[in-house]
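Peer 1: I have a structure here, written as structure tokens, and I will follow up with some questions on it.
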Amino acid sequence: MSRLEDYLEAIYHLIDEKGYASTVAIAENLHVKPPTVSSMLQRLASKEYLVHERYRGIRLTEKGAKIAKSVIARHSMVSELLTMLGVDEEVAYQDTEGIEHHIQPITIKRIEGLVDYLRENPKVLRAIREHIEK
């Protein structure tokens, strides 16, 4: 499921940024070859995550967009927690890429609660950072 989610996330971002997602743009984004993308697009279309019309482009279905948004939200929450804890942004991004597909919804909910709490209590966050940076 994680590779599928990577594709849906990439397509979502490309459509959001450029207004469209092409096979070539997806390949560049995910560092794969265009034929690999074409194969995955067929698979995603067969599972009704997207509609891919030749010469018209790619459109996420409601089902595909929902998964993409969920992946983006998980990514954002994990990344924010790591950077709050003082992890360098690039490292946090790389670690988040490894974590985001394997984390359970209840864990994300707890992380979200912790991040909200730390946003509202910067003194607590400072104390945590001072403690872990010793």
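Peer 1: Subtract the Cα-Cα distance of VAL124 and ILE99 from 0.36 nm times their separation in residues, and report this length gain in nm to one decimal.
Peer 2: 6.5 nm
Peer 1: Of the listed values (i) 1.07; (ii) 1.12; (iii) 0.95, identify the label whose number matches Rg/Rh (Cα atoms, Kirkwood Rh) calculated from this model.
Peer 2: (i)
Peer 1: Here is a follow-up. Once R0 is set to 25 Å, what does the formula 1/(1 + (r/R0)^6) return for the Cβ-Cβ distance between HIS131 and GLU89, expressed as a FRET efficiency to the nearest 0.05?
Peer 2: So, using R0 = 25 Å, E works out to roughly 0.75.
Peer 1: Within the chain, which whole H helices from DSSP have a Cα span along their axis of at least 27 Å and a mean Kyte-Doolittle hydropathy of -1.0 or more, if any?
Peer 2: In the chain, the long hydrophobic H runs are 62-84.
Peer 1: Starting with the fewest neighbours, write out VAL78, VAL115 ranked by other beta-carbon atoms found within 10 Å of each beta-carbon.
Peer 2: Fewest-to-most Cβ neighbours within 10 Å comes out as VAL115, VAL78.
Peer 1: How would you rank ASP95, ASP6, ASP116, going from fewest to most other Cβ atoms within 10 Å of each one's own Cβ?
Peer 2: The fewest-first ordering by Cβ neighbours comes to ASP116, ASP95, ASP6.
Peer 1: Separate question: Give me the net charge of ALA45's neighbourhood, meaning all other residues with Cβ under 12 Å from the Cβ of ALA45; Lys, Arg count +1, Asp, Glu -1.
Peer 2: Net local charge, ALA45 excluded: +3.
Peer 1: Where does each of ILE106, ILE67 land when they are ranked from fewest to most other beta-carbon atoms within 10 angstrom?
Peer 2: Sorted ascending by nearby Cβ count, the order is ILE106, ILE67.
Peer 1: Based on the mean of other beta carbon atoms within 10 Å per residue, what is the order of 21-28, 83-90, most packed first?
Peer 2: Taking the mean over residues of other Cβ atoms within 10 Å, the ranking is 21-28, 83-90.
Rule-based calculations on the coordinates, nothing more; no lab input. For clarity, every value in this text was computed on a predicted model and none was experimentally measured. Using ideal geometry, Cβ is built from the backbone for each residue, glycine included, and neighbour counts are taken over all protein chains shown.
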